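Everything below concerns the one structure shown next.
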Amino acid sequence: YADRVMLDSGSSPDIAGLGVDVAFDAAGAERSVGGCINAAGPGGRVVLVGIPTHDRISYNPHLARTKELAIYNVRRENRAFDLAASYQGGPLKRLTEIVTHRYTLEGTQQAFETAADYSTGALKVVVAP
């Protein structure tokens with residue numbers, strides 16, 4: 001659960017100068033990414049889930065560096081939501097059904113190509129050494 005939720009990234013949450021441990025950006029906008037960097041506390045994490053409409057966005061790298069933030073980029077898959085939602089509350093073994101492609105270590109290059117090619121229908125690609 002969340003201790004704090006900030007809906008308007010233009011303002012800083014009242015966090016008594018400590019900052020949050022993890023800040024999630026779901027909008028992919030420059031303003032919201034900046035809001036997450038502002039809201040994160042020292043040593044915190046910023047998780048970028050939103051997909052920007054432009055190829056590049058800016059943020060204050062000095063503030064992120066000074067706070068020693070870890071910034072994570074999350075690749076979302078819009079075709080996976082219905083399948084993932086159907087597993088909610090189901091047995092853990094059903095999660096193995098998400099794996100659509102398996103490769104040996106020698107097939108690592110092909111595994112990456114399959115995962116990157118939307119026409120393959122890949123949902124989860126696994127390389128098993």
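Observations
- Cβ-defined net charge surrounding Lys67, 14 Å radius [Lys, Arg +1; Asp, Glu -1]: 0
- Full-stretch length increase - Ile51, Thr120 - with 0.36 nm per residue and alpha-carbon distance subtracted: 22.6 nm
- Amide H partners (placed H, <5 Å) of Ala23, local residues excluded: Arg45, Val46, Val47
- Taking amide H atoms as placed 1.01 Å from N in the peptide plane, the amide H of Lys124 lies under 5 Å from those of Thr100, His101, each 5 or more residues away in sequence or on another chain.
- Ranking of Asp25, Asp117 by solvent-accessible surface, largest first: Asp117, Asp25 (1.4 Å probe, protein heavy atoms only, all chains present).
The values are calculated or read from the model by the stated rules, or taken from the named source; none is laboratory data. As the structure is a prediction and not an experimental result, all values here were calculated from the model. Positions of Cβ are generated from backbone atoms using ideal geometry, with glycine treated the same way; all protein chains shown enter the neighbour counts. Ligands, DNA and RNA are stripped out before the accessible areas are found, and what is left, the full protein with its side chains, is counted by its heavy atoms. Shrake-Rupley method; radii C 1.70, N 1.55, O 1.52, S 1.80 Å.
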